[in-house]
Structures are given as structure tokens and as C-alpha cells.
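Shown next, in C-alpha cells, is the structure this report addresses.
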Amino acid sequence: MAQVKFENVSKRYGSTSILENFNLEIRDKEFLVLVGPSGCGKSTTLRMIAGLETVSSGKLLIGDTIVNKVAPRDRNIAMVFQDYALYPHLTVADNMAFGLKMQGVPKQEIQDKVSDVSKTLGLEELLQRKPKQLSGGQRQRVAIGRAIVRNPKVFLFDEPLSNLDAKLRVQMRVEISRLHKTLNTTIVYVTHDQIEAMTLADRIVVMKDGYIQQVGTPIELYEKP
Ligand code: ADP
Ligand code: ADP
């Protein structure tokens, strides 16, 4: 079953066409990686799923629902950004709790959830720190934690590891892969890094100039003679 479906979606800014008749089905629980040169439309694709960009024409479905006009908070989607986008004045705990508070989730439930997820991600000792008191990898974990607590149907990752050093990148890659198995959820992940794509993806979508050039498993794309 498709979890996210683009049906003849086009995206224009004024008279500039970014995506033209884009068709893509993202399967339930799959780890889908989008790759392609800078400017080919990867972020735009993610941002349309999140509801941060409108669809100019065509249909975008999440599950059975056409979400073209559904607000981001009603889509049950969480996005992790390259720059983490944490609130600098809030503690780790409050950063993780923020979205749930906005949804009016009861306080005790929020505390339990944040406590649970912080254990999963090794953040229990850091809950009272502010983001600037954290290393890059820790910030990234908080950003992921903030997404997990909301229990989303779909996780979107926009180059989440590109600001980390090489060692941490490998470590976080392993963690994200483990997370996908633990959470048993759908992930759409943008990266420039071919190794990341090959190790994480169930399927890879290669984009170019706003269209899909190739789709396949890592083996189909990179190991064919
Ligand atoms: P990628 O993530 O693959 O690097 P993007 O999706 O960010 O590519 O961008 C795709 C194209 O859309 C680029 O040519 C970019 O300049 C253009 N673009 C992105 N956002 C806007 C905007 N708000 N207004 C006009 N053009 C934009
Ligand atoms: P990185 O080089 O990966 O960014 P840092 O050298 O900044 O890591 O941090 C190393 C350790 O020191 C981390 O465990 C981090 O939590 C801790 N740390 C960094 N800055 C502060 C701070 N201002 N207050 C308390 N602990 C900090």
C-alpha cells in the first residue's frame, strides 16, 4: 500500500517550473532515499509532503487522504532538518515536548513520552541542557527525538547528517537505520551521500531537474554490471 503518493504533481514558483507531472508512490514502512544534484527538487518534494510548500497542480495523498489543502499539523508527519531547527531558549526536554504541548497532550503523558524517547536516544542526562550546550551529534538526536515523540506516520529527513563530522555521521547512520526498524515506520530521506543512500535505502529515487531519472533498490542502481 502507498503511504504517500504524488499523482501528476507540478510545482511552480511564478512562471518557473520546479517539478512537472511528478509521480511517485512511497510504500508503507519503506525507507526511501532521494538523491540528485543540488537544485533538482529534493527538498521541495519533502516540503510538499510536510505541507510547508503548496502543490501547484495534481494530487498529493497521504494514506487515502488528498492533503493538498491539509495544514502541516494535521498531516501526522515529522521533519528533521539539516540545521536541526531547535529552539535555542528551550531545554532539551522542552524542545522535545513542544509539539505535543501545542497539540494539547496532557502533561503527564508528555513527560512519559519524552522520558521514554530520551532513553532510546541516550539523552536522559541532557534533558535540562540548552541546545548550545550540546555537541552536534547530541543536537541531531534531540531533533530526531522531537520528531519521534509525536509518533508520526511518516518521517522526513532533509540531509540530517551533513553538518556532522565523518565519524559521527557513520554512527548516526547506524542509529537511524536501527530507528527505522524499531519504529517500523515510513521514512523519506534526502542526502548527497551515496554511501548513506546505499546503506539506508530500501529504494533510491534519483532525481534530476525536477523529474525522476531512476528508481530502484541500492543493488539495482549501483551494483548492476
Ligand atoms: P534540492 O533540495 O534538490 O537541492 P530544492 O528543492 O531546494 O532542490 O530546489 C529546487 C529548485 O527550486 C531550485 O532551482 C531552487 O532554486 C528552486 N526554489 C526553491 N525554493 C524556491 C522559492 N521559494 N522560490 C523560487 N524558487 C525556489
Ligand atoms: P562536538 O565536537 O561533537 O561538537 P563538543 O566538544 O562540543 O562536541 O562537546 C563534547 C562534550 O561536551 C559533549 O558531551 C557535550 O555535551 C559537552 N558540552 C559541550 N558544550 C557544553 C557546555 N556549554 N556545557 C556543558 N557541556 C557541554
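The values are calculated or read from the model by the stated rules, or taken from the named source; none is laboratory data. On a predicted model such as this, the values are computed, not experimentally measured, just so you know. With ideal geometry, Cβ positions are generated from the backbone for all residues, glycine too; neighbour counts draw on all protein chains shown.
Of all residues in the stretch 125-140, those being surrounded by 14 or more Cβ atoms within 10 Å (Cβ to Cβ), more than 7 Å from ligand 2 (Cβ to nearest atom) and over 17 Å from residue 176 (Cβ atoms) number 3. Taking the stretch 203-225 on its own, how many of its residues are more than 15 Å from residue 41 (Cα to Cα) and surrounded by fewer than 16 Cβ atoms within 10 Å (Cβ to Cβ)? Residues flagged as more than 15 Å from residue 41 (Cα to Cα) and surrounded by fewer than 16 Cβ atoms within 10 Å (Cβ to Cβ) within the stretch 203-225 amount to 9. Residue by residue through the stretch 176-200, note down the ones that are in a strand (DSSP E or B) and either out of contact with any strand residue (DSSP E or B) (no Cβ under 7 Å at 6 or more places or on another chain) or among the polar types (S, T, N, Q) (or both). Passing the criteria: only 186.
The single residue among 173, 141 that is farther than 15 Å from residue 31 by Cα, charged (D, E, K, R), free of Cβ contacts under 8 Å to residues at least 40 places away in the same chain and in a helix (DSSP H, G or I) turns out to be 141.
Taking the criterion of being of a type in the set (Val, Ile, Thr) and within 15 Å of the chain's Cα centre (by Cα), would at least one residue in the stretch 209-217 satisfy it? Don't jump to the end; show me each part of the working.
Step one: of the stretch 209-217, the residues of a type in the set (Val, Ile, Thr) are 212, 215, 217.
Then drop every residue that is not within 15 Å of the chain's Cα centre (by Cα), which leaves none.
No, the stretch 209-217 contains no residue that is of a type in the set (Val, Ile, Thr) and within 15 Å of the chain's Cα centre (by Cα).
Go through the residues of the stretch 55-63 one by one and say whether even a single one is at pLDDT below 95, closer than 23 Å to residue 193 by Cβ and either of a type outside the set (Phe, Trp, Tyr) or out of contact with any Leu (no Cβ under 7 Å at 6 or more places or on another chain) (or both). Looking through the stretch 55-63, none of the residues is at pLDDT below 95, closer than 23 Å to residue 193 by Cβ and either of a type outside the set (Phe, Trp, Tyr) or out of contact with any Leu (no Cβ under 7 Å at 6 or more places or on another chain) (or both).
For the stretch 149-162, does any single residue satisfy the condition of being within 16 Å of ligand 2 (Cβ to nearest atom) and over 26 Å from residue 101 (Cα atoms)? Within the stretch 149-162, one or more residues are within 16 Å of ligand 2 (Cβ to nearest atom) and over 26 Å from residue 101 (Cα atoms).
Considering the stretch 150-172, the residues that are of a type outside the set (Lys, Arg) and touching a Leu at 6+ places or on another chain (Cβ under 6 Å) include one that is farthest from ligand 1 (Cβ to nearest atom), namely 172.
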